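Written below as structure tokens is the structure these notes are about.
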Amino acid sequence: MKIGVLTGGGDCSGLNAVIRAVTKSAMYHFGWQVVGIQDGFQGITSQPPNVHVLDLHEVSGILDRGGTILGASNRGDPFNYPMHDEDGKPLLDEEGKQIRQDISDRLAENMRSLGIKALVVVGGDGTMRLANRLHVEKGMNIVGVPKTIDNDLGGTDITFGFNTATQIVTDATDRLHSTAESHHRVMIIETMGRYAGHIALNAGLAGGADIILIPEIEWTVEKVAAVIKERRRMGRRHTIITVGEGAKPKGGQLVTHGKLVEDSVIAERLGGIGHWLREALEDLIDLEVRVTVMGHTQRGGTPTAFDRNLGTLLGHAAVLAVHDKKFGQMVAIQGTQIVTVPLDLASRTRPVDPDSEAVRAARGTMVSFGD
Ligand code: F6P
């Protein structure tokens, strides 16, 4: 039997551990052949398909590598696919708008002609939504593996990639403490995380931030300024603020890059709240405020042991799920158990619980949430 594996959406730490575990488990347990599909679903929809058989040599020595050896893409929804000409230029209609077509049948047909009987799809909420539609509407045999640094997917307690991202922000925060203290500055660290504050909360807590601003807890600039002034009164002349990119002040707007990435499954690109906050604070306090935007550093580099192992556990479980024909399901971790849950659970986002132990511990150790 031949199965396929692809990685969709943004990259994150632990993807290579999944690819390795899927390939090794399929070959070793069941004697199956594993086909690696390049660049997410685009590898199957392209003419000819961009796929190749994975062997032990190719998946050896990749546990410690960031990114994905298969490439990833968060563009090209097969149900609403942007069409291009032979030179790769967008095909436009009479009004100058990009022509889009439903090419999901081509995707299912290509899978059949390649002899791929089942597909392990590794991805975030957007990719899992597509995987679920392909399963329900096109009858494709799909098992999902949830991933994202944002840690905000439903159906699973934790996603791989999150632990490494949190460690990277924590390391950066450790380094920023010294300049903050030496120069008596306010240092703002902006994290990724999209509409959830898991990275900001956990890295802020681990890095000893004084103020943590997340989308799930409403905050005001006035309160943030008051906390900084109060710290100063207590002899603390520096302040560390960790802010998640999706955080917005009470009554305020999300800060985004402005331009939508039209081809993308999720078109909005967040970022910029750190600089917005700096400008707003500089009107209210007389300390220098500086901003560090963590950006894509959070997705790269060496995966932590936790993310490698979670990737390995889920990759192995995905192969067992294919064997048991648990299609339309995704593997997940709940407590200490690896389980399977319906694919569509991934698209129900799991925000930070404002009453969680982590938030309570932060508040209890003098961290302000700006509320
Ligand atoms: O979902 C993962 C994530 O890294 C988010 O935290 C971030 O908002 C987004 O992807 C960035 O996407 P891109 O790499 O396409 O700019």
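Only one of (1) part of a loop (DSSP other than H, G, I, E, B); (2) in the same structural domain as Arg237 (by TED's automatic domain parsing); (3) of a type in the set (Asp, Glu) is not met by Glu279, so which one is it?
Answer for Glu279: the failing condition is (1).
Within segment 102-130, restricting attention to residues that are of a type in the set (A, V, I, L, M, F, W, C), in a helix (DSSP H, G or I) and within 16 Å of the ligand (Cβ to nearest atom), which residue is nearest to Gln47 (Cα to Cα)?
The selected residue is Leu130.
Taking the condition open to solvent by 60 Å² or more (accessible area, probe 1.4 Å) and under 27 Å from Arg175 (Cβ atoms), does His275 pass?
yes
Run Thr7 past the list (1) over 17 Å from the mean Cα position of the chain (by Cα); (2) under 27 Å from Lys138 (Cα atoms) and report the number of the one that doesn't hold.
Here Thr7 meets the rest and fails (1).
Residues in segment 203-212: is at least one touching a residue at least 24 places away in the same chain (Cβ under 8 Å), closer than 23 Å to Leu254 by Cα, within 13 Å of the ligand (Cβ to nearest atom) and among the charged types (D, E, K, R)?
For segment 203-212, residues touching a residue at least 24 places away in the same chain (Cβ under 8 Å), closer than 23 Å to Leu254 by Cα, within 13 Å of the ligand (Cβ to nearest atom) and among the charged types (D, E, K, R): absent.
Applying the selection to segment 87-117, what residues are of a type in the set (Gly, Ala, Ser) and either out of contact with any helix residue (DSSP H, G or I) (no Cβ under 7 Å at 6 or more places or on another chain) or buried (at least 21 other Cβ atoms within 10 Å of the Cβ) (or both)?
Passing the criteria: Gly88, Gly96, Ser104, Ser113, Gly115.
Confirm whether Ala26 is more than 23 Å from the chain's Cα centre (by Cα) and crowded, with 16+ Cβ neighbours inside 10 Å.
yes
Tell me the residue from Gly88, Gly10, Gly66, Gly71 that is without any contact (Cβ under 8 Å) to a residue 12 or more places away in the chain, of a type outside the set (S, T, N, Q) and in a loop (DSSP other than H, G, I, E, B), please.
Gly88
Just to be sure before I move on: is Val120 crowded, with 24+ Cβ neighbours inside 10 Å and assigned by TED's automatic domain parsing to the domain that holds Gly204 in the structure I sent?
No; evaluated as a whole, the condition is false for this residue.
Going residue by residue through segment 99-110, is there one that turns out to be farther than 21 Å from Arg299 by Cβ and touching a His at 6+ places or on another chain (Cβ under 6 Å)?
No - not one qualifying residue is present in segment 99-110.
Working only within segment 300-343, note down all residues that are surrounded by fewer than 23 Cβ atoms within 10 Å (Cβ to Cβ), closer than 17 Å to Asp157 by Cα, touching a residue at least 12 places away in the same chain (Cβ under 8 Å) and among the β-branched types (Val, Ile, Thr).
If the condition is that a residue be surrounded by fewer than 23 Cβ atoms within 10 Å (Cβ to Cβ), closer than 17 Å to Asp157 by Cα, touching a residue at least 12 places away in the same chain (Cβ under 8 Å) and among the β-branched types (Val, Ile, Thr), then Thr312, Ile333, Ile338, Thr340, Val341 are the ones that fit.
Would you pick out the residues in segment 29-43 that are open to solvent by less than 10 Å² (accessible area, probe 1.4 Å) and either within 16 Å of the ligand (Cβ to nearest atom) or under 23 Å from the mean Cα position of the chain (by Cα) (or both)?
Within segment 29-43, Gly36, Ile37, Gly40, Gly43 qualify.
Any idea which of Glu216, Glu137, Glu181 is open to solvent by 10 Å² or more (accessible area, probe 1.4 Å), farther than 20 Å from Gly300 by Cα and within 16 Å of the ligand (Cβ to nearest atom)?
Being open to solvent by 10 Å² or more (accessible area, probe 1.4 Å), farther than 20 Å from Gly300 by Cα and within 16 Å of the ligand (Cβ to nearest atom) holds for just one of Glu216, Glu137, Glu181, which is Glu216.
Residues checked against (1) of a type outside the set (D, E, K, R); (2) under 30 Å from Arg100 (Cα atoms); (3) open to solvent by less than 20 Å² (accessible area, probe 1.4 Å); (4) within 16 Å of the ligand (Cβ to nearest atom):
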position: Arg232; (1), (2), (3), (4): no, no, no, no
position: Val255; (1), (2), (3), (4): yes, yes, no, yes
position: Ala267; (1), (2), (3), (4): yes, yes, no, yes
position: Glu282; (1), (2), (3), (4): no, no, no, no
position: Val289; (1), (2), (3), (4): yes, no, yes, no
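Is it fair to say Gly155 is open to solvent by 10 Å² or more (accessible area, probe 1.4 Å), away from the ligand (no atom under 15 Å from the Cβ), of a type in the set (Gly, Ala, Ser) and in the same structural domain as Arg65 (by TED's automatic domain parsing)?
In short, yes.
Leu205 - would you say it is within 23 Å of Gly364 (Cα to Cα), outside the structural domain of Pro78 (by TED's automatic domain parsing) and hydrophobic (A, V, I, L, M, F, W, C)?
yes
Name the one entry in Met294, Met330 that is assigned by TED's automatic domain parsing to the domain that holds Ala226 and in contact with a strand residue (DSSP E or B) (Cβ under 6 Å, 6 or more places away or on another chain).
One residue alone meets the criteria, Met294.
The values are calculated or read from the model by the stated rules, or taken from the named source; none is laboratory data. As the structure is a computational prediction, the values presented were derived from the model and not from experiment. Please note: Cβ atoms are built from the backbone with ideal geometry, for glycine as well, and neighbour counts cover all protein chains shown. Quick note on the areas: whole protein, heavy atoms, side chains included, nothing else; ligands and nucleic acids left out. Shrake-Rupley method; radii C 1.70, N 1.55, O 1.52, S 1.80 Å.
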